[in-house]
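The values are calculated or read from the model by the stated rules, or taken from the named source; none is laboratory data. None of these values were measured; they are calculated from a predicted model. Using ideal geometry, Cβ is built from the backbone for each residue, glycine included, and neighbour counts are taken over all protein chains shown. Note: areas computed on protein heavy atoms with side chains; ligands, DNA, RNA excluded. Shrake-Rupley method; radii C 1.70, N 1.55, O 1.52, S 1.80 Å.
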Amino acid sequence: MDLSTGVRAADLLHGALDTQTERGGWVRPIRFAPAQLRALGSVRAWHPGLYRQLAACTAGVTLEFETDATRVMIEIRMDEPPRGSASVLADVRAHGELAHEPLDGVSADVDGRHLPLCLPDENNIVELYLEDPDAAPERGLVRLPGMGEPHVVRVWLPCLSSCCVREIVSDGTYLNPVTQKDQLLVLGDSIAQGFVAGDPGRSWTALLAAHLGLDLMNQGVGGQVFQPGSLAGLARHVRPAAIVVEFGENYRYEPCSSSRTEREVRAYLYEVSETWPEVPTWVLTCPPHLEDVYPTHPRSCFAEVDGMIRAAASRHPQMHVVEARSLLEEGDLSRLLADGSDHPGPEGQRMWAERLSLVVDATREGPETRRARALRIAEKGGEVAFPVAECLRRGLGEVLLANEGAVVVELPTGARLVMGPSRRELRRALACFGTGERVVLVCGGRTLAREVARVTEGHARSCHVVVWRGEAPAGDSSRDIRVLTPAYAGLIREHYSHVEYLAPGELEAALASGAFLGGFDQGRLVGFVGEHAEGAMGVLEVLEDHRRQGWGSALAAAKVARTLELGQTPWAEVWPDNTASLALEKRMGFEVFPASQFWVVA
């Protein structure tokens, strides 16, 4: 077979910022700018020697071309893995899951079909056969070179070691470079670099970039933390359409100061935001890990790092926080973490990519766009979707997911409202976004509620939803009913019979927004009514010595009237066994929706 068409491999590189020419025409891809390499090797770096080694690895770098060939040969010279890679590979082999498999090498995608991992032969050659045997006109028939359909080929270079490339030759008539696309920029540590995917083309970063239709610019460096200054010079080389930031795990290995770490997290994310202010950015909290192999250092500030990341990211409107612990199934970590400690193996990489892709897809649009779509879906849902629709109409909470299969709204308390016909979509959403503090309300049938309870490890309990449909009720002018201020928080907590229903900060936020009314007799508070974070009327309580005097009805009527004044629809959640409340609301004129449609899971 004649391999007569050849090109310089360096002309086909994607995901590299520069190249370095070596003897014999070999070219070494470089994925960091010179100023970045100086920063990684400076005294400000935690482990400059380690960072220099791992920065030389070709994680995320590809050769991409179009050809009519059936066979190509690529000259690739792989270096030995650096010590930082070798130590993790030893842990993987000790763990036993991937003990007999190559854990790095070269793989390829041909027209979207993945070719498995391989290693260069003794002549530094990787040979690829591009024709899909399943697509041959007849069994065993191979098209003549240059006579087949054009192929789009992406060759993934090693992610745990460095390499050089020289030439690509083929049996076709052309080898043309693929146009560079906008990029997914991934900033992170060894988990971003690709430890230990077992295949550079099947790391979570590669899979996410493919899902988004972007080139990958992988800036993962094993052992790295939030290092201010390490982005120097990068902006002139990349044009990211999306950014993922993944750091934090390495703080657990050694002593670290909370105050210094907090400053570094804040400064680093500020640099990301300042450099790419318009680019949507997903910032991951610390990934899941197991303590068995490498326990967290007793003088580490690791336990505080998630809070630092959330606080720092919240300052930048283009940043979305992703709870990284939800990206892998918590009960299956011993199988998903290939080294028994921190690094996802092949199945963990696939799950991480799938879940993160769902989060990115769901939050890629602006929050108001998501809210508008979620409201349209909820309003089409009718009676069963009323709580979600009313919550959205009032502008409460953040829409995490809005598609026809499922809608998920997260409240400031961490609670959730969920609805949707697809149990699978809802299950995936709760797994990918995390289960929150508790699911406040499931809008749907028993089967959906049981699915949510299973995912969240909670208990499902049905409840009625009651809705006011009429005009404002006549007020009782003889009653002294006023809007309560935050100064009454202590009295409310003292007298409310179900204070356990109130999430931390929920009462204070509701009082500050004017959502609570109080009844007064001779200047003394005798009862109160408010609303929960999702907008449902509640927290109705009359002090014992003023019960059966009409205060409950008066407070509820006043709350209904005030809600209507704000252009909102009054509604409430009522347990089926709370016969007194149900009787009161029916007398007042509330419409009662069946308890079989609404479930509190806690």
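For this structure, a couple of remarks:
- With DNA, RNA and ligands ignored, accessible area of His320 (1.4 Å probe; Å², nearest 10): 30 Å²
- In this structure the amide hydrogen of Glu167, modeled in the peptide plane, comes within under 5 Å of the amide hydrogens of Ala9, Glu75, none closer than 5 places in sequence on its chain.
- Beta bridges assigned by DSSP with both partners in the chain are antiparallel in approximately 75 percent of cases.
- Label-point separation, Val293 to Ala94 (7 Å along Cα→Cβ), nm: 0.8 nm
- Qualifying trypsin sites (Lys or Arg not before Pro) in the range 473-577, where qualification requires a DSSP coil assignment and no more than 13 other C-beta atoms within 10 Å, comprise Arg547, Arg548.
- For the range 18-33, putting each phi into the Karplus relation 6.51 cos²θ - 1.76 cosθ + 1.60 with θ = phi - 60° gives couplings of 7, 9, 10, 7, 10, 4, x, x, 6, 10, 9, x, 10, 10, 10, 6 Hz, in residue order, rounded to whole numbers and with x for Gly and Pro.
- Euclidean distance of C-alpha centroids, the range 58-76 and the range 572-602, integer Å: 65 Å
- The residues of the chain expose on average 43 square angstrom of accessible surface per residue, using a 1.4 Å probe on protein heavy atoms.
- Summarising the amide proton neighbourhood of Gly527: residues at separation of 5 or more, or on other chains, whose placed amide H is nearer than 5 Å comprise Gly519, Leu543.
- In the chain, the convex hull through the Cα atoms has an average projected area of 32.0 nm², a quarter of its surface area.
- Across the accessible surface of the chain, with the other protein chains kept in place and a 1.4 Å probe, carbon and sulfur atoms take up 49 percent.
- Shape of the range 174-290, Cα gyration tensor, a/c cut at 1.5: oblate
- The range 267-315 and the range 518-550: distance between their alpha carbon centers, rounded to Å: 43 Å
- For the chain, excluding the exposed loop sites themselves (GluC sites (Glu not before Pro), DSSP loop, at most 10 other Cβ atoms within 10 Å), the longest remaining stretch covers 292-456.
- Residues Ser87, Ser190 ordered from highest to lowest accessible area at a 1.4 Å probe: Ser87, Ser190.
- 3J(HN,Hα) couplings calculated from phi for the range 273-279 with the Karplus curve 6.51 cos²θ - 1.76 cosθ + 1.60 (θ = phi - 60°) are, in sequence order, 5, 5, 6, 10, x, 9, 8 Hz; Gly and Pro show x.
- For His320, the residues whose amide H sits under 5 Å from its own are Thr281, Trp282, Val283, ignoring neighbours fewer than 5 places away on the same chain, with H placed 1.01 Å from N.
- Formal net charge of residues neighbouring Gln349 (Cβ-Cβ distance under 12 Å; K, R +1; D, E -1): 0
- Relative contact order, percent, the chain [alpha-carbon distance under 8 Å, six or more residues apart]: 11 percent
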